[in-house]
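J.: This is the structure I want to talk about, given as structure tokens.
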Amino acid sequence: MDAAPLLEAGLFRPHRTTRRQTTRRLQRAAQDIRDAHRLLKTDPAWAAALALQGALQALRALAFHAGLRPVAGPREEDAVALFAAAAFGPQAGEEVAFLLRVGQAKRRPADPAGYRVTSQDAVVAATAAERFLREARARLAIQPTLW
């Protein structure tokens, strides 16, 4: 993966991580995804929000491992989406864009188009988050550590 475009765009900065930071992100991702599954039937919007956070945590763990840290601020989630596309391909970027749309519905004021997170959207979001976590764990298990 070529991280130069992400660094040049100012979305990431070089970062020397520790094994503990990466592990904590993966643990947090797993907890968020478990919580999302618990809420699927009772509160799909919260389930989608937690699925989004789980996916973002897993992707941040991979970025840390790659020596990158997303720059904090309003563009951080977009930066992580671009990282997903660079690490896994364009389809992953589209999945993260979907997660951002449904996962942020809880934070937005009423959508003028009347969008509400459906149970089906929440299930798709939780499944996508699980896939990102599984892939992150697999990649971190095979690759030699960078620290």
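J.: Hey, does segment 3-25 have a residue that's within 20 Å of D121 (Cβ to Cβ) and either open to solvent by 40 Å² or more (accessible area, probe 1.4 Å) or not polar (S, T, N, Q) (or both)?
T.: No: segment 3-25 contains no residue that is within 20 Å of D121 (Cβ to Cβ) and either open to solvent by 40 Å² or more (accessible area, probe 1.4 Å) or not polar (S, T, N, Q) (or both).
J.: Just one of (1) within 13 Å of the chain's Cα centre (by Cα); (2) within 18 Å of A141 (Cβ to Cβ) trips up L82, so point out which.
T.: Only one criterion is unmet by L82, namely (2).
J.: Which numbered condition in (1) open to solvent by 60 Å² or more (accessible area, probe 1.4 Å); (2) modelled with pLDDT of 85 or more; (3) in contact with a Leu (Cβ under 9 Å, 6 or more places away or on another chain) is the only one that Q91 fails?
T.: Q91 satisfies all of (1) open to solvent by 60 Å² or more (accessible area, probe 1.4 Å); (2) modelled with pLDDT of 85 or more; (3) in contact with a Leu (Cβ under 9 Å, 6 or more places away or on another chain) except (3).
J.: Quick one: would you say R69 is without any contact (Cβ under 8 Å) to a residue 12 or more places away in the chain and either in contact with a Leu (Cβ under 8 Å, 6 or more places away or on another chain) or more than 16 Å from Q104 (Cβ to Cβ) (or both)?
T.: No: the conditions fail for R69.
J.: Does A97 meet the test of being open to solvent by 10 Å² or more (accessible area, probe 1.4 Å) and touching a Gly at 6+ places or on another chain (Cβ under 7 Å)?
T.: Answer is no for this residue.
J.: Does any residue in segment 11-31 that is of a type in the set (V, I, T) come within less than 8 Å, Cβ to Cβ, of a residue that is open to solvent by 70 Å² or more (accessible area, probe 1.4 Å) six or more places away or on a different chain, and which pairs are these?
T.: Close Cβ pairs satisfying both conditions: T17/L146; T17/W147; T18/W147.
J.: Now, a different point. Filter segment 34-56 for residues that are closer than 17 Å to A92 by Cα and without any contact (Cβ under 8 Å) to a residue 60 or more places away in the chain; which is surrounded by the fewest Cβ atoms within 10 Å (Cβ to Cβ)?
T.: Among those residues, the one meeting the criterion is Q53.
J.: If you don't mind, another one. Could you please give the count of residues in segment 18-58 that are among the acidic types (D, E) and assigned to a helix (DSSP H, G or I)?
T.: So the count comes out to 2.
J.: Going residue by residue through segment 105-116, is there one that turns out to be at pLDDT below 90, assigned to a helix (DSSP H, G or I) and touching a Pro at 6+ places or on another chain (Cβ under 9 Å)?
T.: no
J.: Hey, L62 hits all of (1) surrounded by 13 or more Cβ atoms within 10 Å (Cβ to Cβ); (2) over 23 Å from R131 (Cβ atoms) but one; which does it fall short on?
T.: It fails just one condition, (2).
The values are calculated or read from the model by the stated rules, or taken from the named source; none is laboratory data. Treat the numbers as computed from the prediction; the structure is a model and nothing was measured. A quick note on method: Cβ atoms are made from the backbone with ideal geometry, for glycine too, and the neighbour counts reach across all protein chains shown. Protein only, heavy atoms only, side chains kept; ligands, DNA and RNA dropped before computing areas. Shrake-Rupley method; radii C 1.70, N 1.55, O 1.52, S 1.80 Å.
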